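One structure below.
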Amino acid sequence: MNKIFKVGLIGCGHIAETYFRGQQYFNNFKIIACADINQKASDKCAKLYNIKSKTVSEILKDNEIEVILNLTIPQSHYSVSKKVLTSGKHVYSEKPLATYFAKGKELVSLAKKNKLYLGNAPDTFLGGGIQKARELIDSDLIGEIKLGNAIFAFPGVESFHPKPESWYKKEGGPVIDMGPYFFTTLVNLLGPAKQVQGRTLTAFKKRIYGAGPKKNKSFKVETPTTYLATIQFHSGAIIQVTLSFDVINHQRNHMELYGTKGSIIVPDPNMFGGSVFISVTEGGKWGEHKTDKMHLGKINITSSSGRSNEAATNANYRSVGLSEMLYSIQKNKKHRCSGDLSLHVLDIIESTMRAANSGIPQKIQTKCDRPKKFTEEEVKKILI
């Protein structure tokens, strides 16, 4: 029987709801208290989920809590996770690990020094869609992957989010926001990255609030909003990546990889399910490999959602990374959403932004192992 870890939540924003829902799927954690820099937000969250509302200081001193779930804004991930690790608790954070590589490196070193687990989103690569793609690639069905492309492109978060400013500040932008999903998936499928080069542009100097109390008013854009990058991996593969907040609509697949024997269409790295498609002949048909029967590919979102990444009839099992980390703590083994993986992804993120802004190719400083496959048998152990 799995131990049920008592978890404290810091950061009571929009994404918190998804993690509370995770308690319906996974058998080894219970969120028992919350805190936020805005005490009213913490009190509201506590009342909604019938848990205790505390200050950040109180939740870090609570001996009943072993693990902190850090759901603060990206610019606060480093400072909050550092406080957690210093207090002697394990921490699992939303993506990215930090907004600067040096700070992420400090967190990984601190966790290792204090013999604590440091986990980090995204955990979507543990879902049925990406794991099925991993299985098919590892089976050598399409041969050695040599090249490919990936894209995330939409008009921006201001259409639905009442406080979109942080996405458009210096530490924001599409790479820091969506890069973690795509880069983590690519590392999971291809191994570590070696070098990146790129270009950038900013389509609009001002954005218009589409929701909330400031609707129809404008705010200033302080960061590039489109990045075009070419990433070379140690495996030899070269992948072109587009990450943009400037595209109204498009019809490209999220990710296509091309091997010496065939090609593969990988489902959305931002979600858990979706079919994988493979073609092994020129101009031939694409064979579909469904994932809706897999534990983390089954549809569990069946109605419209206010969250842009939760389309109806999709699979969303965010918090599996937290659950898998807790299981690993209990079994004293390495977890998949590890600090080493997250630091390498952060290295790719920062190097991509530096390469695109300077026009100078950047060498990736770190390497990491590909996470081990997440088998159906392993998934079943943490499911309710």
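Values for this structure:
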{"item": "Test: residue in the stretch 173-191 that is at pLDDT 95 or above, of a type in the set (S, T, N, Q) and part of a strand (DSSP E or B)", "result": "no"}
{"item": "Number of positions in the stretch 60-75 that are at pLDDT below 95 and either buried (at least 20 other Cβ atoms within 10 Å of the Cβ) or assigned to a helix (DSSP H, G or I) (or both)", "result": "2"}
{"item": "Filter result for the condition that a residue is within 25 Å of residue 107 (Cα to Cα) and assigned to a helix (DSSP H, G or I), over 57, 42", "result": "57"}
{"item": "Inter-residue pairs, beta-carbon under 8 Å, first at negative phi and without any contact (Cβ under 8 Å) to a residue 60 or more places away in the chain and in the stretch 254-283, second of a type in the set (Asp, Glu) and in a strand (DSSP E or B), 6+ apart", "result": "265/256; 277/288"}
{"item": "Candidates 307, 318, 207 - the one that is within 30 Å of residue 23 (Cβ to Cβ), in contact with an Asp or Glu (Cβ under 9 Å, 6 or more places away or on another chain) and at pLDDT 95 or above", "result": "318"}
{"item": "Positions within the stretch 352-376 being within 22 Å of residue 99 (Cβ to Cβ) and under 18 Å from the mean Cα position of the chain (by Cα), in sequence order", "result": "352, 353, 368"}
{"item": "Residue pairs meeting the criteria (Cβ under 7 Å; at least 6 apart or on separate chains; first free of Cβ contacts under 8 Å to residues at least 24 places away in the same chain, in the stretch 1-19; second part of a strand (DSSP E or B) and among the β-branched types (Val, Ile, Thr))", "result": "none"}
{"item": "Selection within the stretch 109-125 - surrounded by fewer than 24 Cβ atoms within 10 Å (Cβ to Cβ) and either in a helix (DSSP H, G or I) or β-branched (Val, Ile, Thr) (or both)", "result": "109, 110, 111, 112, 113"}
{"item": "Residue 95 vs. criteria farther than 28 Å from residue 296 by Cα and in the same structural domain as residue 23 (by TED's automatic domain parsing)", "result": "no"}
{"item": "Members of the stretch 201-239 that are over 21 Å from residue 184 (Cβ atoms) and in contact with a Leu (Cβ under 9 Å, 6 or more places away or on another chain)", "result": "201, 224, 225"}
{"item": "Filter result for residue 264 (modelled with pLDDT of 95 or more and aliphatic (A, V, I, L, M))", "result": "yes"}
{"item": "Output for the stretch 329-346, where each listed residue is charged (D, E, K, R) and either crowded, with 23+ Cβ neighbours inside 10 Å or under 20 Å from residue 379 (Cβ atoms) (or both)", "result": "331, 333, 334, 336"}
{"item": "Count - residues of the stretch 94-116 that are of a type in the set (Phe, Trp, Tyr) and under 13 Å from residue 75 (Cβ atoms)", "result": "1"}
{"item": "Filter result (touching a His at 6+ places or on another chain (Cβ under 7 Å) and aliphatic (A, V, I, L, M)) within the stretch 61-83", "result": "67"}
{"item": "Conditions (1) over 21 Å from residue 97 (Cα atoms); (2) hydrophobic (A, V, I, L, M, F, W, C); (3) at pLDDT below 95; number of the one not met by residue 15", "result": "(1)"}
{"item": "Hits in the stretch 190-223 - residues which are among the polar types (S, T, N, Q) and crowded, with 18+ Cβ neighbours inside 10 Å", "result": "197, 200, 223"}
{"item": "Considering residues of the stretch 1-15 that are buried (at least 22 other Cβ atoms within 10 Å of the Cβ) and touching a helix residue (DSSP H, G or I) at 6+ places or on another chain (Cβ under 7 Å) only, the residue farthest from residue 327 (Cα to Cα)", "result": "12"}
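The values are calculated or read from the model by the stated rules, or taken from the named source; none is laboratory data. Everything quoted here is computed from the prediction, not taken from an experiment. All Cβ positions, even for glycine, are placed from backbone atoms using ideal geometry, and neighbour counts span all protein chains on display.
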